[in-house]
Amino acid sequence: MDDFHYQQGQLYCEKVNLEQLAAAVGTPVYVYSRHTLETHYDRIAEAFAALNPLICYSIKSCGNIHLCKLLAQRGAGMDVVSGGELHRARLAGVDMAKVVYAGVGKTDPEIRQALEAGIGYFNIESEAEFQNIASIARAMNVSARAALRVNPDVDPKTHAKTTTGKKETKFGVDIERAHRFFERYGRESHLRLCGIHLHIGSPIFTVEPYVQAIEKVLALIAQLRQEGIAVGVLDLGGGFGADYQSEQSPSAADYAAQIVPLLQPFHAAGGQIILEPGRTIAANAGMLLSRVLYLKTGGQKKFIIVDTGMHHLVRPTMYDAFHFIWPTNVAPAHEPKQRKATMDMPGLETCDVVGPICETGDFLARDRALPPVARGDLLAIFTAGAYGMVMASNYNAMPRPPEVLVDGKQITLLRRRETYDDLVAPEIQAVTGGAVRNQG
């Protein structure tokens, strides 16, 4: 399980006992393994090395600036989808030329911010957006580069809320319209349209949808080339899966084994490849530690009520997502060797793991087989490094948890725990002498 492992019934992150860490910083708390984070990045870089890709880590998956800085130091660029994420990239010391900017709703101030920063590429989602960015760039007397996001109409067979490569999506343009798009806008001097961007969904647990999408786009690129329109950049987006359950996702090498041969002719002809992995780097590098508050029986149902929930990890509620959950202190017979939805172990109890939020949908696991636990015990919620803390909220006026990085034996606080004062500070600070200041 990457760098989270049990020793004599105790769960460790690298060389740190997580019971001791929780005693020091409290719960709930997000815990990241530096070695796991960097290892997953390195595996992608090594697997796709033949294409010499620009790897732009997707900040939306896990945006702590200190973690982004670690990846930038390994050569990563960043994939951003907002002005706030671009701000995080700058604070992390990312080379702005290695930043790609996606998202269907870029505002004028965000566009100007990105143009002033000198980002590498805008990923264009619509004709109207292209026209607007080009107009702003012209008014600022600057130039920028763009890649058109193309929907290849491929079904990635993932959750409906994270499928983005079909025609019926708010992202990008249909592949049939892409040809006309290049014909119409391919000669704009202030926003040079020189690339194609793909992002078909996430997480994708097979390679075939990527193969289908790449083959369609390569055919489009060849057709455009015959008409004198050069496409020198191909951004494959992200979406590679992570092992929420053991051996659920192909490895980086498995994805590359089929993708690299398809793209080698394009690369050999001078084409640049961009990748935008997020989940596959960050997911298994993080976990959420939580403490058991109460045990309850309702009818035939057993509940484990913990001090975290949908306000800190919304994926189970929003996406029906599975996260492996296990106590941090177990008998030798209950030491897990891998992440599995069901485990053939003696003495397990079927329970729902639920949080404190006043919503029936506030759950982390349903009908889950777990070892017996008691009030005060710790539960580890695995594979929470991606789309965990970044989606956390203050619903029910609950402070968000801290983030901690483990590096061998060293523990570093990356983000402090929020306080009640943090929750109300923008409201209190907005009022001066009885007048509400304009916050726009």
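The values are calculated or read from the model by the stated rules, or taken from the named source; none is laboratory data. Note that the structure is predicted; figures quoted are calculated from it, not measured. FYI the Cβ positions are ideal-geometry reconstructions off the backbone, even for glycines, and counts take in every protein chain you see.
Of the numbered conditions (1) touching an Asp or Glu at 6+ places or on another chain (Cβ under 6 Å); (2) charged (D, E, K, R); (3) within 30 Å of ILE204 (Cβ to Cβ), ARG291 satisfies every one except a single condition; which is it?
Here ARG291 clears every test but (3).
Given the criterion surrounded by 15 or more Cβ atoms within 10 Å (Cβ to Cβ), out of contact with any strand residue (DSSP E or B) (no Cβ under 7 Å at 6 or more places or on another chain), modelled with pLDDT under 95 and assigned to a loop (DSSP other than H, G, I, E, B), identify the matching residue among GLY103, GLY165.
GLY103 is the lone residue from the list that is surrounded by 15 or more Cβ atoms within 10 Å (Cβ to Cβ), out of contact with any strand residue (DSSP E or B) (no Cβ under 7 Å at 6 or more places or on another chain), modelled with pLDDT under 95 and assigned to a loop (DSSP other than H, G, I, E, B).
With the requirement that a residue be free of Cβ contacts under 8 Å to residues at least 60 places away in the same chain and touching a Leu at 6+ places or on another chain (Cβ under 8 Å), what does segment 289-325 give you?
Filtering segment 289-325 down to residues free of Cβ contacts under 8 Å to residues at least 60 places away in the same chain leaves 296-303, 305, 309, 316-317, 325.
Listed by number, the residues that qualify are LYS302, PHE303, ILE305, GLY309, PRO316, ILE325.
A quick yes/no check of all residues on (1) assigned by TED's automatic domain parsing to the domain that holds VAL373; (2) surrounded by fewer than 24 Cβ atoms within 10 Å (Cβ to Cβ):
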| site | (1), (2) |
| --- | --- |
| LEU218 | no, yes |
| GLN226 | no, yes |
| TYR255 | no, no |
| ILE274 | no, no |
| VAL292 | yes, yes |
| ASP307 | yes, yes |
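Would you confirm whether or not segment 327-350 contains a residue that is among the hydrophobic types (A, V, I, L, M, F, W, C), touching a residue at least 40 places away in the same chain (Cβ under 8 Å), in contact with a Lys or Arg (Cβ under 6 Å, 6 or more places away or on another chain) and more than 18 Å from GLN10 (Cβ to Cβ)?
Filtering segment 327-350 down to residues among the hydrophobic types (A, V, I, L, M, F, W, C) leaves 330-331, 333, 341, 343, 345, 348.
Going one step further and asking which of them are touching a residue at least 40 places away in the same chain (Cβ under 8 Å), we end up with 330-331, 341.
From the residues that got through so far, the ones that are in contact with a Lys or Arg (Cβ under 6 Å, 6 or more places away or on another chain) too are none.
Checked against the condition, which is being among the hydrophobic types (A, V, I, L, M, F, W, C), touching a residue at least 40 places away in the same chain (Cβ under 8 Å), in contact with a Lys or Arg (Cβ under 6 Å, 6 or more places away or on another chain) and more than 18 Å from GLN10 (Cβ to Cβ), segment 327-350 yields no hits at all.
Residues in segment 366-385: is at least one under 30 Å from ILE65 (Cβ atoms), under 26 Å from the mean Cα position of the chain (by Cα) and not hydrophobic (A, V, I, L, M, F, W, C)?
Initially, segment 366-385 is screened for residues under 30 Å from ILE65 (Cβ atoms), giving 378-385.
From what's left, under 26 Å from the mean Cα position of the chain (by Cα): 378-385.
If we keep only those that are not hydrophobic (A, V, I, L, M, F, W, C) as well, we get 383, 385.
Looking through segment 366-385, at least one residue is under 30 Å from ILE65 (Cβ atoms), under 26 Å from the mean Cα position of the chain (by Cα) and not hydrophobic (A, V, I, L, M, F, W, C).
Looking at GLY440, is it outside any helix (DSSP H, G or I), modelled with pLDDT of 95 or more and loosely packed, with under 11 Cβ neighbours inside 10 Å?
Working: outside any helix (DSSP H, G or I): yes; modelled with pLDDT of 95 or more: no; loosely packed, with under 11 Cβ neighbours inside 10 Å: yes.
No; evaluated as a whole, the condition is false for this residue.
Report the residue count in segment 1-52 for those that are closer than 17 Å to PHE324 by Cβ and in a strand (DSSP E or B).
Of the residues in that region, 10 qualify.
Please indicate, with yes or no, whether at least one residue in segment 78-98 is over 29 Å from GLY270 (Cβ atoms), surrounded by fewer than 21 Cβ atoms within 10 Å (Cβ to Cβ) and of a type in the set (Asp, Glu).
no
This table checks each residue for (1) crowded, with 23+ Cβ neighbours inside 10 Å; (2) modelled with pLDDT of 95 or more; (3) more than 21 Å from SER246 (Cα to Cα); (4) not assigned by TED's automatic domain parsing to the domain that holds LEU289.
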| site | (1), (2), (3), (4) |
| --- | --- |
| CYS13 | yes, yes, no, no |
| GLU19 | no, yes, yes, no |
| ALA23 | no, yes, yes, no |
| ALA45 | no, yes, yes, yes |
| ALA50 | no, yes, yes, yes |
| LEU54 | no, yes, yes, yes |
| SER58 | yes, yes, yes, yes |
| CYS62 | yes, yes, yes, yes |
| LYS69 | no, yes, yes, yes |
